[in-house]
Amino acid sequence: MLSLVIPVYRNEGSLPELLTAVEQLARDLKGALEAVFVVDGSPDRCYEILRAELPRRAFASRLVLLARNFGSFAAIRCGLAHGAGERFAVMAADLQEPPELVLRMDAALRAGDVDVVVGVREARADPLASRLPAQIFWGLYRRFVVPEMPPGGIDVFGCNRAFRDTLLRLQESHSSLVAQVFWLGFRRRTLGYERQARRHGESAWTLRKKVAYLMDSVFAFTDLPIRLLIRFGLGGSLLAGAFGVAVVAGRLSGAITVPGYAMTAILIVFFGALNLLALGIVGSYAWRAYENSKARPLAVELRAERFEGEVHHG
């Protein structure tokens, strides 16, 4: 059986099409599917609609309501934990990834020669204003975090039970589920698809969330900021040493007769700012280590329910 995990947040408008698409997937899989909907503290009526519709739908399902918005990665992990299938797949509630991709992921997992499959965007039907920031974001991600990341990034993936169990053992707060998928290794395969235009609502993937996600990924998977800090610090020290030698030589030769108040102030401000930057970077690592040491759950479930559906073929 395939457990299909669907995180839901501000997707009230797309739910009718989403439920119809899942019903079609259940028919294509001859009933060997359960859908796990995780409502990630959505402020609209997503939970109420799903609670009323799922018992009448022709597929088995689970509905999990989180106590607040914990983020899509926490919701996906929660859905994976609730899934009871031998295979797992993640599907976006906004239907920007074609539902047929789920069937392709399931077929690849059934073949038994891969443990995880990731959907790779080969084209996007998004406007330029959305495509350009996404290209810059994933370009930086490939450069500084996960070099194996496809150029267009990934949003959905499928895996077998062994991979799911291993992934759920990584209980890191302020981390990246996508980077964890690549960090784990296993036998991996990519499946290309064309990302569809969004038909309902607006994306909750704002610039602020992208920046926070990139920073979480950098601090969780690379020591790049520390290495850059060391290089800048070493370079600044060498420049300061050379400048000091030049000042001493100028003073001894009589070329410098007036104390350089302006230059002194500039140097103090510059190195003071460099020290603050260093403290901020080191503090970011220390704060994340402290957050992980508290061992808080990555998400808090308010309630979880299971529905067999009107028609379900085991």
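Return the residues of region 293-314 that are over 24 Å from the mean Cα position of the chain (by Cα), of a type in the set (Asp, Glu) and modelled with pLDDT of 70 or more; say none if nothing qualifies.
Correct list: Glu305, Glu308.
Could you tell me whether region 47-58 includes any residue that is modelled with pLDDT of 90 or more and in contact with a Cys (Cβ under 8 Å, 6 or more places away or on another chain)?
There is no residue in region 47-58 that is modelled with pLDDT of 90 or more and in contact with a Cys (Cβ under 8 Å, 6 or more places away or on another chain).
Can you tell me which residues in region 39-69 are out of contact with any His (no Cβ under 8 Å at 6 or more places or on another chain) and part of a strand (DSSP E or B)?
Val39, Ser61, Leu63, Leu65, Leu66
Going by the conditions given, is Glu34 in a helix (DSSP H, G or I) and among the acidic types (Asp, Glu)?
Spelling it out, it is not the case that Glu34 is in a helix (DSSP H, G or I) and among the acidic types (Asp, Glu).
Checking the conditions here, which among Leu168, Leu95, Leu80, Leu128 is at pLDDT 75 or above, in the same structural domain as Cys46 (by TED's automatic domain parsing) and exposed (fewer than 14 other Cβ atoms within 10 Å of the Cβ)? Show your work before the answer.
Details: Leu95 fails: exposed (fewer than 14 other Cβ atoms within 10 Å of the Cβ); Leu80 fails: exposed (fewer than 14 other Cβ atoms within 10 Å of the Cβ); Leu128 fails: at pLDDT 75 or above.
Just a single option satisfies the conditions, and that option is Leu168.
Among the residues of region 19-31, how many are free of Cβ contacts under 8 Å to residues at least 24 places away in the same chain and either crowded, with 17+ Cβ neighbours inside 10 Å or assigned to a loop (DSSP other than H, G, I, E, B) (or both)? Reasoning before the result, please.
Taking region 19-31 and keeping what is free of Cβ contacts under 8 Å to residues at least 24 places away in the same chain, we get 20.
Narrowing the set further to residues that are either crowded, with 17+ Cβ neighbours inside 10 Å or assigned to a loop (DSSP other than H, G, I, E, B) (or both) leaves none.
Of the residues in region 19-31, 0 are free of Cβ contacts under 8 Å to residues at least 24 places away in the same chain and either crowded, with 17+ Cβ neighbours inside 10 Å or assigned to a loop (DSSP other than H, G, I, E, B) (or both).
Output yes when any residue across region 101-109 is surrounded by 14 or more Cβ atoms within 10 Å (Cβ to Cβ), modelled with pLDDT under 90 and assigned by TED's automatic domain parsing to the domain that holds Cys46, and no when none is.
no
The values are calculated or read from the model by the stated rules, or taken from the named source; none is laboratory data. Just so it is clear, the model here is predicted, and its values are computed rather than measured. Neighbour counts are summed over all protein chains in view; Cβ atoms, including those assigned to glycine, are modelled from backbone coordinates with ideal geometry.
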